[in-house]
Structure formats: C-alpha cells, structure tokens
Amino acid sequence: MLLLDMQSVKVIYPGTFDPLTNGHLDLIARGAKIVDQLVVAILRNSDKGTPLFTVVERQEMIAEAITQCGLPNVSVATFDGLLVDFARAQGAKAVLRGIRAITDYEYEFPMAMMNRKLDPSLETIFMMPTEQYTYVSSRLIKGVFKLGGDVSELVPPLVMARMKAKAKGTVVAG
Ligand code: PNS
C-alpha cells in the first residue's frame with residue numbers, strides 16, 4: 001500500500017456459502033493477502049431454495065475455518081437487502097468475487113455492473129481460485145454428497161464432519 005494512503009482497505013466477500021468449499025477458502029486466503037480487512041458476508045435472504053445449512057451454521061463453519069487457517073484479518077458477517085448498502089455500512093471499498101470459468105463471468109458481470117450502477121464508488125475485484133478447485137461449487141458438492149459421492153477433498157474437514165452429521169441427523173458442536 002502507498003505510504004500516503006493511510007486508510008485501511010476493507011473488502012467484502014459476499015456469497016451464500018452453503019456450504020463453504022475449499023474453493024471459497026482458497027479465495028479467502030488469496031484475498032486476505034492483498035487487503036487489510038476481508039469480511040466474508042453470508043446473504044441471509046437467499047432465493048436459492050431450501051439451504052442445507054442455516055445461516056448460523058454457515059457462519060460458525062466459516063469462523064472456524066478462518067481460525068484454523070490463521071487469517072487474523074478475515075471476519076465473517078451476515079447481511080440481507082442490497083450488497084451495496086451492506087458494503088457502505090461496513091465502510092468497504094470493494095467486493096471480492098471468484099471467477100472459475102467463463103460461465104461465472106456471465107453470472108458475475110451483470111451483478112458487478114448493477115452494483116456499480118447502485119454505488120459507483122464500490123469496486124468489484126475478481127480473483128481466480130487455484131486450478132484444482134475450478135470446477136467446485138457448493139451446489140455440486142451438495143448434489144454429489146446426497147448421492148453418496150466422496151467430496152472430502154473439496155471441502156474443509158470441519159464442513160465434511162457437519163455434512164455427515166446432517167445426513168445422520170446428529171449435531172456437531174461449533
Ligand atoms: O454465492 P452466490 O449465491 O453466488 O452469491 C450471490 C450474492 C450473495 C453475491 C448476490 O446474490 C448478492 O449480492 N445479493 C444481495 C442482493 C443484491 O445486492 N442484489 C443486487 C446486485 S445483483
């Protein structure tokens with residue numbers, strides 16, 4: 001950072017995170033290296049249908065993963081309503097989003113442009129996760145796991161444990 005710019009750079013990494021994947025975690029670690037503060041923000045009023053995990057469970061898992069990865073400048077929060085309003089309330093300068101493939105770009109571009117329309121001062125930063133996770137999505141993880149597939153290398157172990165507990169109907173302490 002330039003010495004003249006003494007302001008801390010806060011960035012929001014928003015999403016549904018149902019559940020957190022290794023791809024998300026990879027992006028969080030990359031983002032944390034280039035900003036002063038990174039806030040992982042879980043959307044509360046998602047229209048993606050019935051989630052696997054409650055917002056509280058997702059928040060607990062993300063907080064635990066952040067601690068395990070030793071990322072002191074990363075925090076987790078929840079929001080509803082417009083992302084630009086949350087970003088403004090947080091004093092954030094930008095939004096971080098991951099791009100895995102060209103199809104992500106098609107989904108991300110209108111959102112980034114709409115956010116710019118709503119708040120021209122808020123930038124969107126795109127980063128790419130490591131190649132190893134370019135095909136990983138929460139939706140795919142849930143679908144494969146439901147059918148008995150092994151997704152243990154694609155989500156953090158703590159998420160895997162919670163998914164197994166969910167499937168068995170037991171509770172894992174946060
Ligand atoms: O993980 P996702 O589901 O791809 O994340 C989508 C998210 C949460 C970033 C997006 O749906 C969002 O920002 N929703 C908040 C509502 C909003 O601000 N809409 C206008 C921008 S398109």
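The values are calculated or read from the model by the stated rules, or taken from the named source; none is laboratory data. This is a predicted model, so every value here is computed, not measured. Cβ coordinates were reconstructed from backbone atoms using ideal geometry, including for glycine residues, and neighbour counts include every protein chain displayed. The protein model used for the area step is the full one, side chains on, heavy atoms only, and it has no ligands, DNA or RNA in it. Shrake-Rupley method; radii C 1.70, N 1.55, O 1.52, S 1.80 Å.
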Practice prompt. Output yes when any residue across region 15-23 is surrounded by fewer than 22 Cβ atoms within 10 Å (Cβ to Cβ) and of a type in the set (Asp, Glu), and no when none is.
Written response: no
Item to complete: May I ask you to list the residues in region 13-46 that are within 11 Å of the ligand (Cβ to nearest atom), of a type in the set (A, V, I, L, M, F, W, C) and over 9 Å from the mean Cα position of the chain (by Cα)?
Response: Leu43
Worksheet item: Only one of (1) buried (at least 22 other Cβ atoms within 10 Å of the Cβ); (2) within 24 Å of Glu131 (Cβ to Cβ) is not met by Arg58, so which one is it?
Response: (2)
Worksheet item: Filter region 100-115 for residues that are open to solvent by less than 70 Å² (accessible area, probe 1.4 Å) and modelled with pLDDT under 95; which is farthest from the ligand (Cβ to nearest atom)?
Response: Ala101
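Does Ile66 satisfy being of a type in the set (Val, Ile, Thr) and surrounded by fewer than 18 Cβ atoms within 10 Å (Cβ to Cβ)?
no
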Worksheet item: Got at least one residue in region 26-40 being closer than 24 Å to Met128 by Cβ, β-branched (Val, Ile, Thr) and open to solvent by 50 Å² or more (accessible area, probe 1.4 Å)?
Response: yes
Fill in: Members of region 116-159 that are closer than 22 Å to Glu57 by Cα, in a helix (DSSP H, G or I) and open to solvent by 40 Å² or more (accessible area, probe 1.4 Å)
Arg139, Leu140, Lys142, Val144, Phe145, Lys146, Pro157
Practice prompt. Would you check if Lys166 is open to solvent by less than 90 Å² (accessible area, probe 1.4 Å) and either in a helix (DSSP H, G or I) or in contact with a Cys (Cβ under 8 Å, 6 or more places away or on another chain) (or both)?
Written response: yes
Worksheet item: So is Val40 at pLDDT 95 or above, out of contact with any Phe, Trp or Tyr (no Cβ under 7 Å at 6 or more places or on another chain) and among the β-branched types (Val, Ile, Thr) or not?
Response: no
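So, in region 72-93, how many residues would count as being under 14 Å from the mean Cα position of the chain (by Cα), away from the ligand (no atom under 12 Å from the Cβ) and either over 23 Å from Pro19 (Cβ atoms) or open to solvent by less than 40 Å² (accessible area, probe 1.4 Å) (or both)? Write out each step before concluding.
Residues of region 72-93 under 14 Å from the mean Cα position of the chain (by Cα): 74-79, 83.
With away from the ligand (no atom under 12 Å from the Cβ) added as a condition, the list becomes 74-77.
Cutting the leftovers down to either over 23 Å from Pro19 (Cβ atoms) or open to solvent by less than 40 Å² (accessible area, probe 1.4 Å) (or both) gives us 74, 76-77.
Count: 3.
Taking Ala89, is it under 26 Å from Ala165 (Cα atoms), modelled with pLDDT of 95 or more and small (Gly, Ala, Ser)?
It is false that Ala89 is under 26 Å from Ala165 (Cα atoms), modelled with pLDDT of 95 or more and small (Gly, Ala, Ser).
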